[in-house]
Structure formats: structure tokens, C-alpha cells
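S.K.: Encoded as C-alpha cells, here's the structure I'll be asking about.
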Amino acid sequence: MKQDPWHDLVREALRDAPFAMRQLAAESGLSYDVLRSWRSGRRHPNKESVRRLAEGLAGRAERLEKLARELRETVDGASSASPTATSPTPASSPPSSFDATDRASAG
């Protein structure tokens with residue numbers, strides 16, 4: 001069976017993106033089990049499902065961008081008040097997978 005051109009992109013997004021899959025499923029209007037089956041390659045999404053996944057990912061990206069801006073502004077404000085308030089992050093640090101679920105539990 002010939003795979004749709006987006007199949008590998010969907011698998012990559014589900015494998016590599018920093019998010020909680022249950023939350024992404026809810027944000028996309030898809031089930032967690034469906035996302036898991038796509039990630040494993042057992043099932044393949046149709047065009048409409050890919051659009052829904054893309055919307056969920058875009059919403060997540062917008063929230064992460066906003067959080068990143070807020071963090072930068074907070075750090076910049078703190079660093080102007082105290083030059084030693086921040087330290088550089090090593091270039092080898094892995095990207096954070098901190099999301100809204102983590103923020104709520106860290107509260």
C-alpha cells in the first residue's frame with residue numbers, strides 16, 4: 001500500500017515534538033490512541049486528521065512562543081536589575097519538554 005506523502009512528517013512530529021501526547025490529542029480533537037497508532041506506524045492519518053493535528057501543533061507552537069517571549073522579557077528585566085541573575089545555558093543542553101501540564105504541577 002502506497003503511503004500518503006505526509007505519513008513520515010506526522011510520525012516525526014509525534015516522535016520528536018516536546019509535548020504531552022494526551023494534551024495534544026485533546027487540543028487537536030483526536031484521540032490519544034489514534035496519535036499513538038500513527039506514531040508507531042500501525043495506522044495512517046487521512047487529510048482531515050492531518051489538518052486537525054497541524055492545528056493542534058500550531059496552537060502549541062503559539063503558546064510556546066508566547067511563553068518564550070515572556071521568559072526572555074522576565075530574564076532581561078531581571079538581568080538589568082542584577083547582572084549576575086542569569087547564567088548562560090550550555091549549548092549542549094537538550095531542548096526542554098516543559099509544557100502547560102508541567103507548569104501546573106510545578107506551581
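The values are calculated or read from the model by the stated rules, or taken from the named source; none is laboratory data. Owing to the predicted nature of the structure, the values given are computational and were not obtained by experimental measurement. Methodologically, a virtual Cβ is constructed for each residue, glycine included, from the backbone with ideal geometry; neighbour enumeration extends over all protein chains shown. Note: areas computed on protein heavy atoms with side chains; ligands, DNA, RNA excluded. Shrake-Rupley method; radii C 1.70, N 1.55, O 1.52, S 1.80 Å.
S.K.: Pop out the carbon and sulfur fraction of the accessible area of segment 36-79 as a percent, whole number, probe 1.4 Å.
M.R.: Solvent-exposed carbon and sulfur of segment 36-79 make up 50 percent of the total.
S.K.: Estimate the FRET efficiency between residue 66 and residue 31 by the formula 1/(1 + (r/R0)^6), using the beta-carbon distance for r and 30 Å for R0, to the nearest 0.05.
M.R.: FRET efficiency, residue 66 to residue 31: 0.65.
S.K.: Would you please give the FRET efficiency between residue 15 and residue 55, computed as 1/(1 + (r/R0)^6) with r the Cβ-Cβ distance and R0 = 22 Å, to the nearest 0.05?
M.R.: 0.70
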